[in-house]
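Visitor: Handing you this structure, nothing more for now.
The values are calculated or read from the model by the stated rules, or taken from the named source; none is laboratory data. This one's a predicted model, so the numbers in the text were calculated from it and none came from an experiment. Cβ coordinates were reconstructed from backbone atoms using ideal geometry, including for glycine residues, and neighbour counts include every protein chain displayed.
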Amino acid sequence: MRLLVLSDSHGNIDRMSLAARQAKPDAILHLGDHIADAKKLHILFPHIAFYMVRGNCDVNAAGETEQCFILEGVRIYMTHGHKYYVKNGLNAFAYRALEMNANIALYGHTHIAMIQQADGMWLMNPGQMERHDKKRPATYGIVTLDKGQADMKIVHL
């Protein structure tokens with residue numbers, strides 16, 4: 001199973017659509033800022049399963065701020081990250097993911113793409129769909145699940 005992980009789209013539906021066409025995912029996970037973008041993307045790709053959470057810029061939007069679910073035997077936790085102060089470090093976020101018994105923990109908010117492993121759990125921030133400057137290109141994450149195992153990578157758009 002191939003997952004496309006997006007965050008911090010801030011109105012860049014065209015970039016998200018391009019990422020979806022490139023990745024050919026079985027499911028799309030949007031980590032907030034702007035959840036309305038994810039809903040519009042879902043209209044463009046109605047055959048793809050969608051999971052989405054609200055971010056700090058989604059103040060009046062409906063939806064959850066975190067989700068935890070199992071796909072292909074892998075427990076995935078996703079949140080935007082602002083409620084766990086991820087710009088100041090990942091301890092609170094990682095602790096919450098451990099509480100949720102996650103194998104993979106996904107967050108956004110910082111606009112900085114990264115993948116790391118902590119306490120046997122994968123942490124990923126797919127980066128951002130908007131492009132402020134050349135130091136931070138538009139990026140997305142790919143998670144491939146196979147028989148309870150995960151492979152993760154960051155892709156520059």
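Visitor: Could you check the range 59-98 and list, in sequence order, the residues that are among the aliphatic types (A, V, I, L, M), closer than 15 Å to residue 118 by Cβ and either over 17 Å from the mean Cα position of the chain (by Cα) or surrounded by fewer than 17 Cβ atoms within 10 Å (Cβ to Cβ) (or both)?
Guide: 92, 98
Visitor: Find all pairs meeting these conditions: Cβ atoms under 6 angstrom apart; at least six residues apart or on different chains; first residue within the range 129-140 and farther than 12 Å from residue 5 by Cα and modelled with pLDDT under 70; second residue among the small types (Gly, Ala, Ser) and in a loop (DSSP other than H, G, I, E, B).
Guide: These pairs meet every condition: 131/138.
Visitor: Kindly list the number of the only condition in (1) closer than 23 Å to residue 150 by Cα; (2) of a type outside the set (Phe, Trp, Tyr); (3) assigned to a loop (DSSP other than H, G, I, E, B); (4) at pLDDT 95 or above that fails for residue 32.
Guide: If we test residue 32 against (1) closer than 23 Å to residue 150 by Cα; (2) of a type outside the set (Phe, Trp, Tyr); (3) assigned to a loop (DSSP other than H, G, I, E, B); (4) at pLDDT 95 or above, just (4) comes out false.
Visitor: A further question on this structure: So the check is Cβ under 8 Å with 6+ separation or different chains; which pairs have a first residue in the range 87-115 that's touching a residue at least 24 places away in the same chain (Cβ under 8 Å) and at positive phi and a second one that's of a type outside the set (Asp, Glu) and in a helix (DSSP H, G or I)?
Guide: Final answer for the pair search is 109/82; 109/86; 109/87.
Visitor: Same structure again: Test residue 50 against the criterion of being touching a helix residue (DSSP H, G or I) at 6+ places or on another chain (Cβ under 9 Å), crowded, with 19+ Cβ neighbours inside 10 Å and either assigned to a strand (DSSP E or B) or on the phi < 0 side of the Ramachandran plot (or both), and give yes or no.
Guide: The answer is no for residue 50.
Visitor: Looking at the structure I just gave you, is residue 109 assigned to a loop (DSSP other than H, G, I, E, B) and surrounded by 15 or more Cβ atoms within 10 Å (Cβ to Cβ)?
Guide: Considered against the rule, which asks whether it is assigned to a loop (DSSP other than H, G, I, E, B) and surrounded by 15 or more Cβ atoms within 10 Å (Cβ to Cβ), residue 109 comes out as yes.
Visitor: Quick one: which residue in 97, 102 is at pLDDT 95 or above, among the hydrophobic types (A, V, I, L, M, F, W, C) and in a loop (DSSP other than H, G, I, E, B)?
Guide: None of the others qualify; the one that does is 102.
Visitor: Oh, and also: Pull out all pairs, ordered by first then second residue, where Cβ-Cβ is under 7 Å, the residues are six or more apart or on different chains, the first lies in the range 64-76 and is basic (Lys, Arg), and the second is surrounded by 18 or more Cβ atoms within 10 Å (Cβ to Cβ).
Guide: Close Cβ pairs (under 7 Å, with a partner that is surrounded by 18 or more Cβ atoms within 10 Å (Cβ to Cβ)) amount to 75/102; 75/103.
Visitor: Could you tell me how many of the residues in the range 6-36 are touching a residue at least 40 places away in the same chain (Cβ under 8 Å), crowded, with 24+ Cβ neighbours inside 10 Å, closer than 19 Å to residue 65 by Cα and not polar (S, T, N, Q)?
Guide: Residues that pass the stated criteria total 6.
Visitor: Among residues belonging to the range 1-17 that are out of contact with any strand residue (DSSP E or B) (no Cβ under 8 Å at 6 or more places or on another chain) and modelled with pLDDT under 95, point out the one that is nearest to residue 104 (Cα to Cα).
Guide: Only one residue fits best here, namely 8.
Visitor: Something else about it: Limited to the range 2-29, what total is found for residues that are within 20 Å of residue 82 (Cβ to Cβ) and in a strand (DSSP E or B)?
Guide: Result for the range 2-29: 3.
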